[in-house]
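A.B. asks: The structure follows.
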Amino acid sequence: MSTSHPTTHHARETKEEAPIVNVQKLLERFKLPGVDLPALMDAQRKNVDALREANQKAYTGALALAQRQAEIFEETMHEWQTAAKELTAKNPVEGIATKQADLARKAIENALGNMRELADMAAKSQAEAYEVIGKRVKTGLQEFQSYMKRA
């Protein structure tokens with residue numbers, strides 16, 4: 001049985017939507033001379049859209065990074081299992097030290113390569129998110145300059 005009451009849910013929805021509607025009605029009610037309210041509202045909408053897009057890119061990047069980390073962990077565990085089987089399968093003691101050194105070198109190389117890959121993925125995700133915001137800031141400044149010239 002649901003603990004949420006239909007009127008409570010509706011009241012919450014109305015409450016969340018109310019500030020946007022009230023601000024819009026307030027702006028329409030008080031027409032300020034020299035202020036292009038539709039342009040101002042459009043600029044704010046574009047700002048919110050840019051933030052939403054930047055957040056989506058950051059979120060997508062974080063998901064890809066987490067997925068790749070899980071894949072790397074799985075690959076590493078598989079490599080260690082294979083290495084352990086190889087070491088225990090070999091009987092001669094003289095070859096074990098060389099094999100262990102080789103395995104350690106490969107593990108370090110893999111770890112460094114994986115760290116580089118993850119760092120590159122994170123940097124790319126951040127750059128994509130910042131690019132969206134940077135474009136919007138630049139466009140917003142141009143819109144503001146154009147608006148000021150008209151006023």
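A.B. asks: Given the residues Glu74, Glu28, Glu16, which is the only one that is of a type in the set (Asp, Glu) and at pLDDT below 65? Break it down into steps so the answer makes sense when it comes.
C.D. replies: Details: Glu74 fails: at pLDDT below 65; Glu28 fails: at pLDDT below 65.
Unique residue meeting the criteria: Glu16.
A.B. asks: Which numbered condition trips up Ala83, out of (1) out of contact with any Leu (no Cβ under 6 Å at 6 or more places or on another chain); (2) touching a residue at least 12 places away in the same chain (Cβ under 8 Å)?
C.D. replies: Checking Ala83 against (1) out of contact with any Leu (no Cβ under 6 Å at 6 or more places or on another chain); (2) touching a residue at least 12 places away in the same chain (Cβ under 8 Å), the one that fails is (1).
A.B. asks: Can you tell me which residue in the range 57-74 is surrounded by the most Cβ atoms within 10 Å (Cβ to Cβ), limited to those that are among the polar types (S, T, N, Q) and under 11 Å from Leu118 (Cα atoms)? Steps first, please.
C.D. replies: Going through the range 57-74, the residues among the polar types (S, T, N, Q) turn out to be 60, 67, 69.
In the following step, the residues that additionally are under 11 Å from Leu118 (Cα atoms) were identified as 67, 69.
Details: Gln67: 11, Gln69: 14.
Residue satisfying both the conditions and the ranking: Gln69.
A.B. asks: Using the structure shown, decide if Arg105 is assigned to a helix (DSSP H, G or I), under 30 Å from Pro38 (Cα atoms) and of a type in the set (D, E, K, R). Before you say what the answer is, go through the steps one by one.
C.D. replies: Numbers: assigned to a helix (DSSP H, G or I): yes; under 30 Å from Pro38 (Cα atoms): no; of a type in the set (D, E, K, R): yes.
Here the answer is no, as Arg105 does not meet what is asked.
A.B. asks: Return a yes/no flag: does the range 127-134 have any residue that is under 30 Å from Ala39 (Cβ atoms), within 28 Å of the chain's Cα centre (by Cα), among the aromatic types (Phe, Trp, Tyr) and surrounded by 11 or more Cβ atoms within 10 Å (Cβ to Cβ). Outline the logic, then answer.
C.D. replies: Residues of the range 127-134 under 30 Å from Ala39 (Cβ atoms): 128-134.
Narrowing the set further to residues that are within 28 Å of the chain's Cα centre (by Cα) leaves 128-134.
Cutting the leftovers down to among the aromatic types (Phe, Trp, Tyr) gives us 130.
Right, trim to surrounded by 11 or more Cβ atoms within 10 Å (Cβ to Cβ) and you get 130.
So far as the range 127-134 goes, yes, one or more of its residues are under 30 Å from Ala39 (Cβ atoms), within 28 Å of the chain's Cα centre (by Cα), among the aromatic types (Phe, Trp, Tyr) and surrounded by 11 or more Cβ atoms within 10 Å (Cβ to Cβ).
A.B. asks: Within the range 35-90, how many residues are among the aromatic types (Phe, Trp, Tyr) and within 19 Å of the chain's Cα centre (by Cα)?
C.D. replies: First, pick out the residues of the range 35-90 that are among the aromatic types (Phe, Trp, Tyr): 59, 73, 80.
Imposing the further condition that a residue be within 19 Å of the chain's Cα centre (by Cα) reduces the set to 59.
The qualifying residues number 1.
A.B. asks: Then there is this: Scan the range 34-56 and report the pairs whose first residue is surrounded by 14 or more Cβ atoms within 10 Å (Cβ to Cβ) and whose second residue is hydrophobic (A, V, I, L, M, F, W, C), with Cβ atoms within less than 7 Å and a gap of 6+ or a chain change.
C.D. replies: Ala50/Val132; Ala50/Ile133; Glu53/Val132; Ala54/Ala129; Ala54/Val132; Ala54/Ile133
The values are calculated or read from the model by the stated rules, or taken from the named source; none is laboratory data. What you see is a predicted model, and the numbers here were worked out from it, not measured in a lab. Cβ coordinates were reconstructed from backbone atoms using ideal geometry, including for glycine residues, and neighbour counts include every protein chain displayed.
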